[in-house]
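Chemist: Quick one: the structure is below, questions incoming.
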Amino acid sequence: MELKKQFTFSGLFKKFHEEDTQPIEINDANIYCYVNGNILCEINSQVNQHINDKISDESVPISQLKGETIKPADIMQFRKLDRLETEIEMVQQPYDGDYEIEGKTVEGWKIKAIIADANFPVTFGVDNSKNMEQQGKSQVRLRDLDIDYNLDSLEEGGTEEIAYGLANIEVIDNFKAQIGNLEAEMCIESVSTRESTNKSGILSAEMTLRNIRENEQDSYETYCAWLRSLLSLASGHCVDKIYSIKGVRYEHFQIKNEYWSGRKIPSEASGIAVIESPNLELFMQQCAKKLTGETFREQGVGLGLSWYIDTFVSPMDDVKFLLLCTVLESLNQKHSSNASKKLLPRNIYRQIRDQILKVVSDFPQNINNQDDLKKYNIFQIKVEKSFASGSYNQIGDLRNSLKEMFKTYSVPYKDLFSNLEFIDIRDDIVHEGFGGVDIALELGKLSNLVVRVFLAILGYEGNYKEYIKIEIDDPLGRSKHGLICRSFPFIASEDNTESNSIDTCS
């Protein structure tokens, strides 16, 4: 695997979650950061043995006879003692926390990192285990690597930026885009390597954010997450970050600190490539303008996109279908909370309510059967509660509410579902475990609808791709699906059926 960064450091191996009185010293160890996000620390085999002994000794409880002092050499013997509780006392509780390394590089940088697999012995590297064994060295995986370049003394107020290394996104041309209504901007450039060519889960681009005014709700990390969601929507892949590099500009630009998570980057997950690479710049420049808290935060587009991206990793079409339904319901919840839910003006509604409640109140005098009267009393209470809540004057069920949302955002849907039949399929899956239809075909149509809603809310105008069923004469009755390029927004006819706005993506 190709290296992105490497350096040499000296420091301590110690407990992370509590004070450690017996840390292990590490000298001239090498840390390697790879383009797939892995972080390995190379140490000599003697230190490796000390580390494994320390982890083993501290993972078990140790007791001793009351009033006596146990020697380190006798630890194993006392573990075997079978004493009454009144005769022994606990001198060491088992340590269940993480371990860390902390120190300085030869350049003087401060580093900290967590041992990724503290519960397992340090092993030799897979790729060069024989060579390392001959050299008397071993490797241990790290996570949460933080490199402090010792620039804390810089004065505040300088322009700040953070560069994020991204995986699973193809960038052909470098470009910039303005973020929201701020002075902030994003820059994306390709950093493809030999390893990332035609491979996923590998560093392929670097996204730099500048001039973001941080507050309690918004931060660089917030905008990074939102932008990665947009890139994931466009590419059909889970765009993930491998590292972040924070810099300041005080007289001259300088890197302040660097962070590598060390997590395994998802590689196989994929969905529709909604936007082809040549159109990525236009898509991001238009959609980044909608990157505001009002649109993305809480139950907005940000939540809907997170559910949509979850469909990339699910292997089951039924689960994907339910997730896409959840996307529409979450977007509809956000929309309906800002829209009027009243069917009738309040004065008309009150007149109708008063007349109906009077009829309901007077009607029991016509009921002679006591059993019927008891049931009627329950009915009367339910009617009165419904009027009290105002539910009779609300737009209605999910189907009507979704139609209102589609109308607000001018989203054509009748060419996909004339009466939103996906709601019935969703109910069948939830309550019966089976939708009773060709779920692959319906999933493609539902995915098209969800994408249209996202593009409409984000105000995108340009080429994009949708699923389409390809008509073929298959003797086994199998259906085939592909992608078709369209131009959004497309003008639907008066009954909201499919237009002929089919274009050639380029």
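Chemist: Can you order the peptides 325-332, 47-54 by their average number of other Cβ atoms within 10 Å per residue, highest first?
Modeler: With the highest mean Cβ count within 10 Å placed first, the list reads 325-332, 47-54.
Chemist: Also, I was wondering about something else. Could you work out the percent of alpha carbon pairs in the stretch 355-434 separated by over 19 Å, rounded to a whole number?
Modeler: Value for the stretch 355-434: 61 percent of Cα pairs lie more than 19 Å apart.
Chemist: Take the residue pairs Lys241/Lys320; Lys256/Lys290; Lys5/Lys256; Lys176/Lys289; Lys14/Lys241 and return only those whose Cα atoms are more than 21 Å apart.
Modeler: Lys241/Lys320; Lys256/Lys290; Lys14/Lys241
Chemist: Taking the Cβ of Asn38 as the center, what net charge do the other residues with Cβ under 9 Å away carry, scoring Lys and Arg +1 and Asp and Glu -1?
Modeler: Result for the neighbourhood of Asn38: +2.
Chemist: Okay, moving on. Leaving out ligands, DNA and RNA, and with a 1.4 Å probe, what % of the accessible surface on the stretch 346-432 is carbon or sulfur?
Modeler: 48
Chemist: Quick one: pull the percent of accessible area on the stretch 263-328 belonging to carbon and sulfur, 1.4 Å probe, ligands and nucleic acids left out.
Modeler: Taking all protein chains in place, the stretch 263-328 shows 52 percent carbon and sulfur surface.
The values are calculated or read from the model by the stated rules, or taken from the named source; none is laboratory data. Keep in mind it's a predicted model, so treat the numbers as computed, not measured. Neighbour counts run over all protein chains shown; Cβ positions are idealised from the backbone, glycine included. Note: accessible area is taken over every heavy atom of the protein model, side chains too, but ligands, DNA and RNA are not part of it. Shrake-Rupley method; radii C 1.70, N 1.55, O 1.52, S 1.80 Å.
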